[in-house]
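The block underneath contains the structure these notes are about, expressed in structure tokens.
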Amino acid sequence: MCAVCPRIFKCKSFYAWHKIHHQEYLNFVVEISKKFPDKYTMEVHFMPEKQTFVQIVDMATGKIEKVVSLTEIEALSAEDKLALSRNKNLFIVTHRLEPIVKIELKKTVISAPIQFMESAPKEEEPIEEVTPLPINPEKSKPKRTPKN
């Protein structure tokens, strides 16, 4: 349901879920838009995440290898940090943009009245009258007279 929700970009629950299941969500949205191309349009928006990240860029190719959080880098051992920095440039980044794919039902303008096929009238079944059961009047109890 998040794929069509208008509040998707402000929803904190979706953001937390998306961090874990982003590939499943992307597969679902792409599958729906491929299955019904005439009914849905697909939009891509970017959700910013503000945190301290380290962007690792390969010096030979100039391409971004990956973006990891600073806490992940700090958790590495000294040898791993040294191996990570060989032939790489490391840049501190304050935001990371996460692409969010949203699908929207195509809107069509209704220009003429819509007529639905009328179903054949059903034969009316006779209505049986329900007669109420006879009500038995309660018998009154005889009055007791006190003994002297």
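The values are calculated or read from the model by the stated rules, or taken from the named source; none is laboratory data. For clarity, every value in this text was computed on a predicted model and none was experimentally measured. Cβ placement follows ideal geometry from the backbone for every residue including glycine, while neighbour counts extend to all protein chains displayed. Just the protein is used for accessible areas: all its heavy atoms, side chains included, with ligands, DNA and RNA removed. Shrake-Rupley method; radii C 1.70, N 1.55, O 1.52, S 1.80 Å.
Quick notes on this one:
- Accessible carbon and sulfur surface of the range 8-105 relative to its total accessible area, %, 1.4 Å: 58 percent
- Kirkwood-type radius of the chain, with distances r between different C-alpha atoms, in Å: 23.1 Å
- Length-normalised contact order for the chain - Cα pairs under 8 Å, 6+ apart - percent: 28 percent
- Computed over protein heavy atoms with a 1.4 Å probe, the accessible surface of the range 6-73 works out to 73 Å² per residue.
- In degrees, nearest ten, helix 12-35 long axis to first principal axis of the chain (Cα): 80 degrees
- The order of the peptides 104-110, 66-72 by mean Cβ neighbours within 10 Å, most packed first, is 66-72, 104-110.
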